[in-house]
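Computed from the coordinates by the stated procedures, all read-outs in this text should not be read as laboratory data. Computed from a predicted model, the values in this text were never measured in an experiment. Glycine gets a Cβ as well: all are built from the backbone with ideal geometry, and neighbour counts include every protein chain shown.
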Amino acid sequence: MTSFFNNVLRQIDEISILLENEYIDKKTFKKIISEIKKPQRIIKKTLTITSDNGKKISFQSFRAQHNNALGPFKGGIRFHLNVNEDEVKALSTLMSFKCSLAGIPYGGSKGGIKVDVSRFSQKELKKLSKAYAKSFSKYIGERIDVPAPDINTNAQIMAWMLEEYEKSVGYKSPATFTGKPIELGGSLGRNEATGRCGVFVLKEFAKKERLVPSKTKIAVQGFGNVGFWFSKFAKDSGFKVIAISDSSGAILNEKGLDPEKLNDYKREFGSFKEIAENKGFKFISNEDILELPVDILVPAALEAVINKDNAEKIKAKVILEMANGPTTFEAEETLLKNKKEILPDILCNSGGVTASYFEWAQNLQGISWSEKKVNEELKKYIVNAFNSVYSLAKKKKFTFRVAANYLSLKRIVDAIILRGFES
Ligand code: NAD
């Protein structure tokens, strides 16, 4: 099977063939592309902590820093058993693309610890977080590389890491980590930002394509941070969210669902399956929600859920990707053949990193913005990115994904040229 990083390289090759026409000096362009195909630095460390029962345990940990031509590196730290070098290389490259498309002054990075968090206590996770921050303190920093939460990491973990980092360098530096608790300089509006920006994309797309919100049926897979806020804001904007799922399955109501009420029920009953049983909702499987005859399908949970096994069965006209990498390469070919449109992840879910950029900018200036200001600024950035992708796609007859990747790669190449890449 092709590795995740090789798939990313395949995308770079595909786009660079199209992009080459924009550059007279082909030799320099090719050199720059080969540079972009390698992260600038990959740091690997073994972290050792003392467990609650007094034994020493060691963990593999990583940080990949892809390219900093546009600004300091920026990317999450995940705690997961699947963390490996190939994965951080791929994800750091995708972060460079996402930041570039969003128009924020960062390059991409990604880090992680190979750990099964369910086997460790909070005390042990605190030691592990601090060990990571100490070990990597030389390589991160507010002007160097700015980490954030990712899978199985959160505001508390950022707070522990910040404390340890500041201890190592000997001064306060809240801008070194984003996604912090509000009390330590976190930004208002960060929590809702990814879902909120996904709905800004939805609304702009609906305007361009003359979709009437009340007649536009939407199905959302996933009801975590992203799925919940996306569904809520979509409903508040008048769209008809007819199906939503969590890991137990999906609830369906052709007349439309109320995400806030479902959230209350989820707290009361635990899972969508239990809600359906207790409240009499129609319940379908997580595979079936993807195949519903809706206008817009929103994968907002896991990667690769739209794949060669179900691509032919997808009936939605548009896939708005809120999860990272929900559509596989093979599935995309089938969807495009069937005239489906895909609004890509690097555009739709960039609200999170954009809000992180606002947090960093506020910390550097020692100020804090109101939630209203954060939301207004988020809208400006995402609408701008959407319009650039939409108009390039129409002008050059590209898919939205190709247009998004083209714009991202072009900005990185241009930054490298401006900095005086020697041919
Ligand atoms: P989360 O952990 O809060 O929620 C994940 C949701 O997926 C939960 O509702 C869970 O029940 C559901 N789920 C798990 N397994 C499932 C399955 N088999 N079928 C259907 N649903 C299932 O995660 P999140 O922060 O909402 O992130 C969701 C996706 O969005 C991920 O791909 C993440 O990388 C991406 N993303 C998140 C952010 C952010 O700001 N949180 C930003 C960019 C991208």
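Rank the residues Lys89, Lys394, Lys339 as a footprinting-exposure proxy: fewest other Cβ atoms within 10 Å of their Cβ go first.
Lys339, Lys394, Lys89
Nearest 5 is fine: what % of DSSP beta bridges in the stretch 196-266 come out antiparallel, could you say?
Just about 45 percent of them are antiparallel.
Please compute the length gained on full extension between Lys208 and Ser34, using 0.36 nm multiplied by the number of residues separating them and subtracting their Cα-Cα distance.
59.0 nm
What's the FRET efficiency of Lys315 with Lys380 using the Cβ-Cβ distance as r and R₀ = 56 Å, to the nearest 0.05?
Taking R0 as 56 Å, the efficiency between Lys315 and Lys380 is 0.95.
Which net charge results for the neighbourhood of Glu87, defined as the other residues with beta-carbon distances under 14 angstrom from its beta-carbon, given Lys and Arg at +1 and Asp and Glu at -1?
+2
Would you please name the GluC sites (Glu not before Pro) within the stretch 319-423 that are DSSP coil residues with at most 11 other C-beta atoms within 10 Å of their C-beta?
Hits after loop and neighbour filter: Glu422.
Only loop residues by DSSP count here, and only those with at most 15 other Cβ atoms within 10 Å; note down the chymotrypsin sites (Phe, Trp or Tyr not before Pro) in the stretch 66-98 that meet that.
Answer in residue order: no site qualifies.
Strictly over 30 Å apart at the Cα level, which of Lys180/Lys207; Lys30/Lys110; Lys110/Lys240; Lys180/Lys313 would you flag in this model?
Beyond 30 Å between Cα atoms: Lys180/Lys207; Lys110/Lys240; Lys180/Lys313.
State the antiparallel share, in %, of DSSP beta bridges confined to the stretch 191-348, rounding to the nearest 5.
If I count the DSSP bridges inside the stretch 191-348, around 30 percent turn out antiparallel.
Once you have the Cα-Cα distance between Lys123 and Thr48, take 0.36 nm times their residue separation minus that, and quote the gain in nm to one decimal.
So the extension gain works out to 25.6 nm.
Where does the charge balance sit around Phe358 when Lys and Arg score +1, Asp and Glu -1, over other residues with C-beta under 10 Å from its C-beta?
0
Going by amide H atoms built from the backbone, whose H comes under 5 Å of the H on Phe120, apart from near neighbours?
Long-range HN contacts for Phe120: none found.
Starting from the amide H of Ala301, placed 1.01 Å from N in the peptide plane, find each other amide H under 5 Å away whose residue is 5 or more places distant or on another chain.
Ala323
For the charge dipole of the stretch 191-348, defined by +1 on Lys and Arg C-beta atoms and -1 on Asp and Glu C-beta atoms about the Cα centroid, which residue among Pro299, Ser214, Ser248 has the Cα displaced farthest towards the positive pole?
The listed residue farthest towards the positive side: Ser214.
For the charge dipole of the stretch 39-174, defined by +1 on Lys and Arg C-beta atoms and -1 on Asp and Glu C-beta atoms about the Cα centroid, which residue among Gly76, Gly103, Tyr132 has the Cα displaced farthest towards the positive pole?
Value computed over the given set: Tyr132.
Of all DSSP beta bridges in the chain, what percent run antiparallel (nearest 5)?
Restricted to the chain, the bridges split so that about 50 percent are antiparallel.
Using a simple charge model, +1 on the beta-carbon of Lys and Arg, -1 on the beta-carbon of Asp and Glu, nothing else, what dipole does the chain show about its Cα centre, in debye to the nearest 20?
That gives the chain a dipole magnitude of about 720 debye.
Would you kindly derive the ³J(HN,Hα) couplings of the stretch 251-257 from the backbone phi angles with the Karplus curve 6.51 cos²θ - 1.76 cosθ + 1.60 (θ = phi - 60°), listing them in order in whole Hz, with x for Gly and Pro?
Once rounded to whole Hz, the list reads 9, 10, 8, 4, 7, x, 10.
Report the net charge of residues surrounding Gly249, where surrounding means a beta-carbon distance below 15 angstrom and charges are Lys +1, Arg +1, Asp -1, Glu -1.
Here the charged neighbours net out to -2.
For Trp160, Trp229, what's the fewest-to-most ordering of other Cβ within 10 Å of each Cβ?
Final ranking by Cβ density, sparse to dense: Trp160, Trp229.
Can you list residues from other chains, or at least 5 along the same chain, whose modelled amide H is less than 5 Å from the amide H of Asn67?
Excluding prolines and chain starts, which carry no amide H, the hits are Gln40, Gly108.
Please find the FRET efficiency linking Asp25 to Lys215, where r is the Cβ-Cβ separation and R0 is fixed at 45 Å, and quote it to the nearest 0.05.
The calculated FRET efficiency here is 0.35.
Round to the nearest 0.05 the FRET efficiency obtained for Ile367 and Ser168 when R0 = 30 Å and r is the Cβ-Cβ distance.
For R0 = 30 Å, the calculated efficiency reads 0.70.
Subtracting the Cα-Cα distance from 0.36 nm times the residue separation, let me have the gained length for Asp288 to Leu184 in nm, one decimal.
In short, 33.2 nm is gained.
Please arrange Arg411, Arg419 by how many other C-beta atoms lie within 10 Å of their C-beta, fewest to most.
The most exposed by this proxy come first: Arg419, Arg411.
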